[in-house]
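The structure appears below as structure tokens.
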Amino acid sequence: MLTAAPVTLRQLLALDLIDEYEVLAGEDGLHRPVRAVVVGSAVHEISELMAGSVVVFSREALAVDSLALDLAIRLAGGAGLSGIVVARSSRQVPLVTRRLADRLALPLIGIDDAPPAAVVTALDPYVRAPEIAGLRVLAEAARRFQHPPGSANALTTTLGATIGEPVCLVDAENRLVAGDPGLHELLGSAISPELLFGPRPVPLTIRAGDHDLLLQPVVVDPVGPAVYWIAIRLPDVLSGALLDPVRHAVGIAALSFAVRVASDAVRAERETQRRSLLLNEILEQPDDPGRRTLERAAALGWRLAGRHTAVLTLVSSSSGAFRPAALAAELEEQLAARGVAATLIERGEGWLFWTTDTTDSRALPNCVRDALSAVEMAHPGLRLCAGVGDAHTGATGLRRSSEEARRAALLAQTTHRSAAVEHVDVTGTRRVLANWYGSVPMREAAAELLAPLTEVDPSGDLIRTLRTYLDSQQSAKATGARLGVHRNTVMQRMDRIGQLLTVDLEDPDDRLAVHLAARAVDIAWDPAD
């Protein structure tokens with residue numbers, strides 16, 4: 001005796017056992033369970049059939065444009081049938097007939113003029129033993145995902161066709177990557193993004209509205225978090241012998257796509273290293289680049305002639321993990337949306353790019369700032385900054401502009417602002433500050449000056465309070481508002497700072513030195529400096 005839940009008409013049709021079928025009406029009833037498939041000989045016999053049956057008529061027994069079709073639909077609805085299969089013709093099903101089937105949610109399926117007995121023979125084994133249908137889904141998934149899908153869209157399209165249900169792919173922050181937007185909206189209403197963050201993820205089944213959703217992680221690192229999640233809506237009647245094969249089918253798809261993601265990551269990492277090494281070669285050799293270097297740069301589309309303006313982007317802080325390559329790609333997209341064609345290249349702890357012969361270099365910092373803000377909004381807890389150098393000519397000019405951009409980025413990092421961008425012009429005060437922050441002896445002196453605070457307060461609260469207090473023109477009230485503490489707490493901390501430091505904050509020279517040191521001391525400086 002079979003105990004598995006019956007298959008639905010939608011699942012039977014998704015098995016592609018019937019060539020060229022069409023749902024003529026009653027699509028809302030495709031979820032009905034099918035308990036038998038029988039040949040229909042006469043319309044009046046429909047009321048005698050078992051509930052849950054699908055009845056198959058030949059063209060001679062029931063034509064799609066005959067009045068008898070209305071009667072057949074009414075009788076089938078009253079008897080609790082799960083569908084009617086008829087032979088298609090060149091004539092349209094009358095509108096009143098389609099509306100009747102829609103109102104009763106009784107599927108009316110049109111097929112080519114095949115013998116009804118052949119249709120019953122094809123479908124009946126899967127109705128009698130639903131586990132066969134499940135194994136067919138599993139075999140189909142193994143066949144289709146034998147080779148990794150070429151893209152995220154290919155994954156969702158192929159898996160959706162295999163399972164016969166809506167599919168979407170989301171990242172670890174529940175942002176839609178590909179697939180059904182409606183399913184993604186349903187998923188967003190049922191989970192919080194934190195559910196997708198954890199290490200060693202496992203498949204999940206969650207309830208979203210009136211549906212169960214299966215979430216399958218796409219894992220590249222066995223001990224790390226999922227890089228993506230596949231979400232699929234499960235039919236209400238899917239269980240037992242059908243549910244397990246579907247789970248395994250989605251797992252096969254996830255494993256296949258993980259292979260694609262891993263191979264893409266390896267290729268991207270190799271390309272990133274190749275570009276980074278070439279850039280270092282250009283920027284760090286004292287003479288003009290050699291012929292081989294110029295050829296490699298030209299092959300990558302890099303312009304070394306002309307006037308270059310370099311931009312260096314750094315991550316100031318981040319509350320969560322992120323993939324550098326993916327973040328760089330997002331920055332490139334945001335810059336491109338603002339008219340800046342850029343290829344970001346890893347440089348130290350950040351990414352460098354340059355524009356050549358830019359007509360309006362004054363607009364570049366604003367474009368960079370807007371791009372950083374857009375990426376920060378997409379990643380809560382992430383804070384970026386950037387430095388923009390001046391325009392200089394040739395490969396030596398690119399080196400000079402890159403160094404200016406590095407110093408400007410360090411200056412931007414001291415501001416602790418969201419999407420901070422600094423542009424060091426030739427005569428401005430920013431250049432003076434950038435040179436100060438970029439000086440190794442000066443930074444060492446700053447660390448030594450504030451060492452007493454670091455020793456007693458590794459958390460950095462005292463240094464942050466000192467910096468904010470001096471930024472706020474020594475206003476305890478303004479400092480408390482910016483730090484989210486009471487002004488009395490600020491005064492208590494400043495009293496302690498005064499006891500620990502051997503300086504006089506009332507003295508202008510001491511105050512300036514401490515202010516600069518407090519801005520510089522907590523920057524993650526490049527070890528190569």
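Listed values, structure above:
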| quantity | calculated |
| --- | --- |
| Among the candidates ALA51, ALA4, ALA68, ALA25, residue that is modelled with pLDDT under 90 and among the aliphatic types (A, V, I, L, M) | ALA4 |
| Set LEU372, LEU335: member being without any contact (Cβ under 8 Å) to a residue 40 or more places away in the chain, surrounded by 15 or more Cβ atoms within 10 Å (Cβ to Cβ), under 23 Å from GLU422 (Cβ atoms) and touching a strand residue (DSSP E or B) at 6+ places or on another chain (Cβ under 9 Å) | LEU335 |
| Qualifying residue in the stretch 102-115 (condition: of a type outside the set (A, V, I, L, M), in the same structural domain as ALA14 (by TED's automatic domain parsing), closer than 12 Å to PHE57 by Cβ and over 46 Å from the mean Cα position of the chain (by Cα)) | yes |
| Lone unmet requirement of (1) modelled with pLDDT of 90 or more; (2) surrounded by 14 or more Cβ atoms within 10 Å (Cβ to Cβ) for LEU13 | (1) |
| Matching option when the condition is surrounded by 19 or more Cβ atoms within 10 Å (Cβ to Cβ) and modelled with pLDDT under 90, among ALA299, ALA325, ALA342 | ALA342 |
| Test: residue in the stretch 129-151 that is in the same structural domain as ALA231 (by TED's automatic domain parsing), in contact with a strand residue (DSSP E or B) (Cβ under 8 Å, 6 or more places away or on another chain), surrounded by fewer than 22 Cβ atoms within 10 Å (Cβ to Cβ) and not acidic (Asp, Glu) | yes |
| Subset tally (residues that are exposed (fewer than 15 other Cβ atoms within 10 Å of the Cβ) and either on the phi > 0 side of the Ramachandran plot or modelled with pLDDT of 80 or more (or both)) for the stretch 400-447 | 1 |
| The stretch 253-277: number of residues that are surrounded by fewer than 19 Cβ atoms within 10 Å (Cβ to Cβ) and within 18 Å of GLY134 (Cα to Cα) | 0 |
| Total residues in the stretch 345-366, condition over 27 Å from GLU281 (Cβ atoms) and either crowded, with 21+ Cβ neighbours inside 10 Å or among the basic types (Lys, Arg) (or both) | 1 |
| Looking only at the stretch 166-194, and only at residues there that are of a type outside the set (Gly, Ala, Ser) and within 10 Å of TRP229 (Cβ to Cβ), the one that is surrounded by the most Cβ atoms within 10 Å (Cβ to Cβ) | CYS168 |
| Check on VAL490, over 20 Å from ALA446 (Cα atoms) and part of a loop (DSSP other than H, G, I, E, B) | no |
| Pairs, first at positive phi in the stretch 36-52, second surrounded by fewer than 18 Cβ atoms within 10 Å (Cβ to Cβ) and of a type outside the set (Lys, Arg), C-beta under 9 Å, six or more apart | GLY52/GLY80 |
| Subset of the stretch 44-60 (residues that are out of contact with any Leu (no Cβ under 8 Å at 6 or more places or on another chain) and under 25 Å from THR8 (Cβ atoms)) | GLU45, GLU48, MET50, VAL56, PHE57, SER58 |
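The values are calculated or read from the model by the stated rules, or taken from the named source; none is laboratory data. Computed from a predicted structure; not experimentally measured. Because the Cβ atoms are built from the backbone with ideal geometry, glycine has one as well, and the counts that use them run over all protein chains shown.
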